[in-house]
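The values are calculated or read from the model by the stated rules, or taken from the named source; none is laboratory data. Not measured: the values here are computed from a predicted model. For neighbour counting, all protein chains shown are included, and Cβ atoms are generated from backbone atoms with ideal geometry for every residue, glycine included.
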């Protein structure tokens, strides 16, 4: 019985009610960018959440890292020494005092 159901499922996925469509699964990613402090060259890390995996989304944003030497200022994502993308869980934009766009790579960029 199990074998025949498996064959039917593989040949006719609509038999399970899926009508041959893949489920709509939204992925989430964390972009981690490593910058060099312009004053002392210490490493500075910044991160943002995105529904997009491509690097260009985070590269088009400004970040505001703070260094132990006291320097603080805006840096463009494209200035990063290194940029990683990691699969991530969906973040809760309404949690705490943060605005919904805080910590997100999605949305307005420095070019827009």
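Name every residue in region 43-92 that is farther than 10 Å from residue 30 by Cα and in contact with a helix residue (DSSP H, G or I) (Cβ under 7 Å, 6 or more places away or on another chain), in order of residue number.
The answer is 59, 60, 61, 63, 77, 78, 83.
Return the residues of region 35-49 that are farther than 13 Å from residue 104 by Cα and surrounded by 15 or more Cβ atoms within 10 Å (Cβ to Cβ); say none if nothing qualifies.
Within region 35-49, 35, 36, 37, 44 qualify.
Can you tell me which residue in region 100-112 is farthest from the chain's Cα centre (by Cα), limited to those that are part of a loop (DSSP other than H, G, I, E, B) and at pLDDT 70 or above? Show your work before the answer.
Step one: filter region 100-112 for residues part of a loop (DSSP other than H, G, I, E, B), giving 100-103, 105-112.
Filter again for at pLDDT 70 or above, leaving 102-103, 105-106.
Values: 102: 13, 103: 10, 105: 7, 106: 8 Å.
Here the answer is 102.
Can you tell me which residues in region 70-84 are assigned to a loop (DSSP other than H, G, I, E, B) and surrounded by 12 or more Cβ atoms within 10 Å (Cβ to Cβ)?
Listed by number, the residues that qualify are 71, 73, 80.
Could you please find all residues in region 55-69 being closer than 17 Å to residue 43 by Cα and not in a loop (DSSP other than H, G, I, E, B)?
Listed by number, the residues that qualify are 62, 63, 66.
Out of curiosity, is residue 44 closer than 19 Å to residue 91 by Cβ, modelled with pLDDT of 70 or more and not in a loop (DSSP other than H, G, I, E, B)?
Against the criterion (closer than 19 Å to residue 91 by Cβ, modelled with pLDDT of 70 or more and not in a loop (DSSP other than H, G, I, E, B)), residue 44 does not qualify.
Looking at region 85-98 only, could you name the residues that are part of a strand (DSSP E or B) and surrounded by fewer than 12 Cβ atoms within 10 Å (Cβ to Cβ)?
86, 87
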